[in-house]
Amino acid sequence: MKGIILAGGSGTRLHPLTVAVNKHLLPVGAKPMVLRCLEKLIGGDIEEIAIVTNPEYVSNFSALLKSGKKYNCDITYKVQDEPGGIAQALSLCENFVGGDNCTVLLGDNMFDDSIKDDIINFNGDCKLFFKHVPDGFRYGVGVFDEENRLIEIKEKPKNITDAYCAIGAYIYNNSVFENIKKIEPSYRGELEISSVNNIYIKSEEYKVDYKFLESWWTDAGTIESYERANLYAYDEYSSTI
Ligand code: G1P
């Protein structure tokens, strides 16, 4: 299993915090955000990890993480020249993943549940994770039938409030790179990860598994959610002293 952390994007919703600093290097509690993803991957016994980021920030990530030796992993840096969406960033890791499986984390997603067993026991084509949110219109959200079977993910559905967000953690086998090549840019001009996930969900050919998180999850893409991430981190810290 290979690990991938997607840490690009312009972070405009966090300006001015992200004018000079990549969002994923901002502190959340006592550590930079990206370390939280790194820990999740290492916790799943993953030893080879790629970080995808924008050209101007590669040196900041390598100053922090270096070769990965300190974290008992081997880190590769991949450059996303232009923002083109999550699936486009992931496509840059095709050679890195080779014939292996990959666990992909969005660098601004933080959660408490362990995904170690999901990583170690993965033997399907795609595994997704969901969490209830009160503001579904901000995310990719799952559509389920009466028997609780996942039938689709809708990206940023207008007017949807209570919903199950497909959080930024995905496990795939290497068919993901063929599937990325099949999708078209969305209305926002990006190759959406939800379009890739819908190929898996809607085709009989693939085995898709999913799980609902039990503990807290947040992204940190807006001032409000960044603050929420820090509050969770503070709770985590204060419970250890
Ligand atoms: C992205 C994904 C979305 C997912 C969300 C989780 O949204 O497109 O499907 O639910 O991350 O944080 P974005 O951060 O691009 O708005």
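Out of all the residues in segment 55-68, is one or more touching a residue at least 60 places away in the same chain (Cβ under 8 Å) and open to solvent by 10 Å² or more (accessible area, probe 1.4 Å)?
There is no residue in segment 55-68 that is touching a residue at least 60 places away in the same chain (Cβ under 8 Å) and open to solvent by 10 Å² or more (accessible area, probe 1.4 Å).
Looking at D117, D108, D112, D162 in this structure, which one is within 22 Å of K23 (Cα to Cα) and open to solvent by 50 Å² or more (accessible area, probe 1.4 Å)?
D112
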Exercise for review: Report, by residue number, each residue of segment 208-241 that is among the basic types (K, R) and within 30 Å of D125 (Cβ to Cβ).
Suggested key: K211
Review point. Any idea which residue in segment 178-201 is surrounded by the fewest Cβ atoms within 10 Å (Cβ to Cβ), counting only those that are under 19 Å from P157 (Cα atoms) and charged (D, E, K, R)?
Key: E184
Check your understanding: Quick one: is K78 assigned to a strand (DSSP E or B), at pLDDT 95 or above, among the basic types (K, R) and within 20 Å of I201 (Cα to Cα)?
Key -> no
Review point. For P83, all conditions in the list (1) out of contact with any helix residue (DSSP H, G or I) (no Cβ under 9 Å at 6 or more places or on another chain); (2) in contact (Cβ under 8 Å) with a residue 40 or more places away in the chain; (3) not polar (S, T, N, Q) hold save one; what is the number of the exception?
Key: (1)
Check your understanding: Is there a residue in segment 53-67 that is away from the ligand (no atom under 16 Å from the Cβ) and within 21 Å of V176 (Cα to Cα)?
Key -> no
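Residue under question is D100, and the condition is that it be assigned to a loop (DSSP other than H, G, I, E, B), within 16 Å of the ligand (Cβ to nearest atom) and open to solvent by less than 60 Å² (accessible area, probe 1.4 Å); does it hold?
Details: assigned to a loop (DSSP other than H, G, I, E, B): yes; within 16 Å of the ligand (Cβ to nearest atom): no; open to solvent by less than 60 Å² (accessible area, probe 1.4 Å): yes.
When the stated conditions are applied, D100 does not pass them.
The values are calculated or read from the model by the stated rules, or taken from the named source; none is laboratory data. Nothing here was measured: the structure is a model prediction, and the numbers come from that model. Cβ: placed from backbone, ideal geometry, glycine included. Neighbour counts: every protein chain shown. We work out accessible area using only protein heavy atoms, side chains counted, and drop any ligands, DNA or RNA first. Shrake-Rupley method; radii C 1.70, N 1.55, O 1.52, S 1.80 Å.
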